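Have a look at the structure below before the remarks.
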Amino acid sequence: MKSIIIKKVLHATVLLGFIAGLICANPVAAQKKIYILTDLEGVSGVYKFTQTREKGTSLNIQACEYFMDDLSAVIRGLQDGGATEIVVLDGHGNQCVIPHMMEPGVKYITGVPRPKAMWGLDESFAGMVQFGAHAMMGTPDGVLNHTQSSKSEKRFWYNGVECGELVQCAAIAGYYGVSTILVTGDVATCREAENFFGTGCVTVAVKEGIAREAALLYPFDETRQALYDGAKKSMEVISQCMPYKMELPVKGKLQYLDLNSDLSEPEIITKEAVFQDVRDILTF
């Protein structure tokens, strides 16, 4: 009887050692690092460009506070879902992070310019969150819809398909084998995410667009609970989400308004380029 027990203990020890070896051989399996790429237009309570463009105004400061509270709800959901490390990239053009409102145990990347888009992202991350996102330029019910520049109204096509910032960022993350596991924004943004990333990617809508600067807003208590729940759920679906890939070489086209022209009406400029590296798709 004693020999049987000893054999079982030895078997269990060997099995645990084997599992530990696999984890050590694959660091990503041993941890769940999450990269949060942030924007401002898709945050609760934000629906006017005066909230997002005019840095330091009372409306902008208030919008950044909304941003931090929404972001905290997502961070807590990720942590309770099993995230072992979280890095936040302050992705809005004029920056949103308020240092005294940061969550403990999280690293925040802020300030511009940075050496490259999505600085700090690499193969060690288990998933990416696109937080506070917005729909691509021209989406009728997309709150504050635009792609890269709301003033020059840029529009991008890759391999013949028009894409917004959701796809641009997911494609760069896909280069590193990192999937988008959660998208937060308005209803139109969530619809766009499901269209490109499938239903495996968790989406959380915090408002519904009526027009570009008009929205049906949801109460903060409800949106922040939904953000927490969605973030926690997204940790469960990491294995179901696939990195977004573009076929190489990528044939790109960019259209935008030339606001520097002396013409009475801005001229539409079109540029085309071929990209061998998906990380270059913003550089026409």
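Laboratory data are not the source of any read-out in this text; all were calculated from the coordinates shown. In this text the structure is predicted, and so the values were computed from the model without any measurement. As a convention, Cβ positions derive from the backbone with ideal geometry for all residues, glycine included, and neighbour counts pool all protein chains shown.
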Please give the helix 58-81 orientation as an angle from the longest Cα principal axis of the chain, in degrees from 0 to 90, rounded to the nearest 10.
-> 20 degrees
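For region 186-270, what is the charge dipole size about the Cα centre, in debye to the nearest 20, if Lys and Arg each add +1 at the Cβ and Asp and Glu each add -1 at the Cβ?
Details: 9 positive and 14 negative charges, 93 e Å.
It comes to approximately 440 debye.
If you filter region 194-239 for GluC sites (Glu not before Pro), then keep DSSP loop positions with at most 12 other Cβ within 10 Å, what is left?
Numbers: sites: GLU194, GLU208, GLU213, GLU222, GLU236; in loops: GLU213, GLU236.
Sites meeting the loop and neighbour criteria: GLU236.
Could you work out how much longer the chain between GLN62 and SER149 gets when fully extended? Use 0.36 nm per residue separation minus the Cα distance between them, nm to one decimal.
Values: separation 87, 0.36 × 87 = 31.32 nm, distance 2.21 nm.
Full extension of this stretch gives 29.1 nm more.
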In vacuo Debye scattering of region 215-284, one point per C-alpha: log10 I(q)/I(0) at q = 0.11, 0.19, 0.28 Å⁻¹?
-> -0.66, -0.83, -1.18
Can you work out the FRET efficiency for the pair LEU259 and GLU123, with r the C-beta to C-beta distance and R0 = 45 Å, to the nearest 0.05?
-> 0.70
Relative contact order [Cα under 8 Å, 6+ residues apart], region 160-284, whole percent = 26 percent
Over all pairs of distinct alpha carbons, what does the Kirkwood formula give as the hydrodynamic radius of the chain, in Å?
-> 20.1 Å
Taking the chain as the reference, fit the longest principal axis to its C-alpha atoms, fit the long axis of helix 220-234 to the helix C-alpha atoms, and give the angle between the two in degrees, 0 to 90, nearest 10.
-> 50 degrees
With Cα atoms, 0 to 90° folded angle of helix 2-25 axis to the chain main axis | 20 degrees
Could you grab the relative contact order for the chain? Cα pairs under 8 Å, six or more apart, rounded to a whole percent.
-> 20 percent
With the charge dipole of region 184-276 built from beta-carbon charges (+1 for Lys and Arg, -1 for Asp and Glu) about the Cα centre, the Cα from MET235, THR189, MET246 projecting farthest to the positive end belongs to MET235
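Which whole-number value in Å³ per residue fits the convex hull of the alpha carbons of region 76-171? Don't skip to the end; give the middle numbers.
Numbers: hull volume 14.1 nm³, N = 96.
With only Cα atoms used, region 76-171 gives 147 Å³ per residue.
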